[in-house]
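Peer 1: Mind having a look at this structure? Questions to follow.
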Amino acid sequence: YYRLPFCRPTGGPKMASENLGEFLTGNKIQNSPYSINMLREVYCQVLCQVHLTKVEAHVFAMHIKAGYHNNWIIDNLPGANVGLTASGQQQTHYAGGFPIGFKAQDTKEIYVYNHVNIMLKYHNPEGKDGHRVVGFAVEPMSVKHQYAGGYQWDGENSEGFTKPLSTCRANQHMDHNSIYAFQKVAPDENIIYTYDVTWKYSETAWASRWDVYLSEDHMVPAQVHWYSITNSILVVLFLSLLVVSILVRNLRRDIAGYNAMSALTDEEKEEEAEESGWKLVHADVFRPPSNSPMVYCIMVGSGAQLGLCAFFTICCSAVGFLSPARR
């Protein structure tokens, strides 16, 4: 993420502690320079300014063309992407993060999303003090920021963080109607990164805050799950029939060989006395234990299977494979 010209946190990016499951799935979490406090609204806060060199502009544009996305998390909730459809309707996607920029269809110019509206939802648990985050979404925007009065910021002076921007309205959150020009990705461009933070109360409890991610806010119909279940059942039936047909073919061949031996003479039977095929199974599978009762052996076999399943399930939970909050 920080190989591209984005704002860096004070002291440089630091890796968050991750479990084995996050490491194996490639989820490497780093801190960010964004400052968010509970129930504190933020209006067009300047984060930093980045001056693009020729090489940085080329690499940045290449990543935007390739469709790279940002994946942010707050309180282990992945950020949903709030965008506009072709008809201008607002739509939210809960998987895949949000893109770092876009390519204009008419001019083929490359633009970067240098402003984000961070929208958070909170809930008050009954009988408890404090608030809990139950929703997190990001609305990316591209804005060609300019300071009021023609002020030019070098990106280091502390005045740049407090000077008003002519492209932002006081005490109002950024929206698409207030954008006059997009931020282009080109050499010698100064990109000013800004962000808004909005808080909204939600009746969603903390225990069920992941439901919207699993159902895509009811965008995925229930029939899709039934289609998947039916497809899995058909695959299992097909493979089972394939295995049964192979076993039946081999079993018929062995039975035909045994029946042919019954028509042989005693001398020929002695020459063919060596058993082969399915008759070899009875000596191993159907042999009762000599020192323990049969029920004991069955309990040991089932108990070992259940014990191993429980052990591997606990191990997978410990490394973060089974918890959606750890992905």
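The values are calculated or read from the model by the stated rules, or taken from the named source; none is laboratory data. Quantities reported herein were computed from a predicted structural model and do not represent experimental measurements. A quick note on method: Cβ atoms are made from the backbone with ideal geometry, for glycine too, and the neighbour counts reach across all protein chains shown. The accessibility values were calculated without ligands, DNA or RNA, using every heavy atom of the protein model including side chains. Shrake-Rupley method; radii C 1.70, N 1.55, O 1.52, S 1.80 Å.
Peer 1: Do we have residue 91 as modelled with pLDDT of 90 or more and either out of contact with any Pro (no Cβ under 8 Å at 6 or more places or on another chain) or exposed (fewer than 12 other Cβ atoms within 10 Å of the Cβ) (or both) here? Before the answer, list the steps.
Peer 2: Working: modelled with pLDDT of 90 or more: no; either out of contact with any Pro (no Cβ under 8 Å at 6 or more places or on another chain) or exposed (fewer than 12 other Cβ atoms within 10 Å of the Cβ) (or both): yes.
No.
Peer 1: While we're on this one: For the range 66-88: of the residues being open to solvent by 80 Å² or more (accessible area, probe 1.4 Å) and of a type in the set (S, T, N, Q), which is modelled with the highest pLDDT?
Peer 2: 71
Peer 1: Across the range 125-161, which residue is nearest to residue 76 (Cα to Cα) among those that are more than 32 Å from the chain's Cα centre (by Cα) and of a type in the set (S, T, N, Q)?
Peer 2: Only one residue fits best here, namely 158.
Peer 1: So, residue 153, is that one closer than 28 Å to residue 26 by Cα, hydrophobic (A, V, I, L, M, F, W, C), open to solvent by 10 Å² or more (accessible area, probe 1.4 Å) and in contact with a strand residue (DSSP E or B) (Cβ under 9 Å, 6 or more places away or on another chain) or not?
Peer 2: Working: closer than 28 Å to residue 26 by Cα: no; hydrophobic (A, V, I, L, M, F, W, C): yes; open to solvent by 10 Å² or more (accessible area, probe 1.4 Å): yes; in contact with a strand residue (DSSP E or B) (Cβ under 9 Å, 6 or more places away or on another chain): yes.
No: the conditions fail for residue 153.
Peer 1: Of the residues in the range 270-323, how many are at pLDDT below 65, of a type outside the set (Val, Ile, Thr), farther than 30 Å from residue 213 by Cβ and open to solvent by 80 Å² or more (accessible area, probe 1.4 Å)?
Peer 2: Of the residues in that region, 11 qualify.
Peer 1: Another question, if that's okay. If I ask for residues that are open to solvent by less than 60 Å² (accessible area, probe 1.4 Å) and either assigned to a loop (DSSP other than H, G, I, E, B) or on the phi > 0 side of the Ramachandran plot (or both), which ones from the range 37-47 would you list? So that I can check it myself, show each step before the final result.
Peer 2: Going residue by residue through the range 37-47, those that are open to solvent by less than 60 Å² (accessible area, probe 1.4 Å) are 42, 44, 46-47.
Scanning the range 37-47 gives a single hit, 44.
Peer 1: Please go through (1) charged (D, E, K, R); (2) at pLDDT 90 or above; (3) in a loop (DSSP other than H, G, I, E, B) for residue 217 and return the number of the only condition it doesn't satisfy.
Peer 2: (2)
Peer 1: Restricting to the range 76-119, give me the number of residues that are in a strand (DSSP E or B), touching a helix residue (DSSP H, G or I) at 6+ places or on another chain (Cβ under 9 Å) and aromatic (Phe, Trp, Tyr).
Peer 2: Adding up the residues that qualify gives 2.
Peer 1: Considering only the range 128-150, state which residues are loosely packed, with under 13 Cβ neighbours inside 10 Å and touching a strand residue (DSSP E or B) at 6+ places or on another chain (Cβ under 6 Å).
Peer 2: Residues satisfying the conditions do not exist here.
Peer 1: Still on this model: Residue by residue through the range 132-150, note down the ones that are of a type outside the set (D, E, K, R) and in a strand (DSSP E or B).
Peer 2: Scanning the range 132-150 gives 133, 134, 135, 136, 137, 138, 140, 141, 147.
Peer 1: Still on this structure, please answer the following. I'd like to check something: does the range 195-216 contain any residue that is in contact with a strand residue (DSSP E or B) (Cβ under 8 Å, 6 or more places away or on another chain), open to solvent by 90 Å² or more (accessible area, probe 1.4 Å), hydrophobic (A, V, I, L, M, F, W, C) and over 24 Å from residue 40 (Cα atoms)?
Peer 2: no
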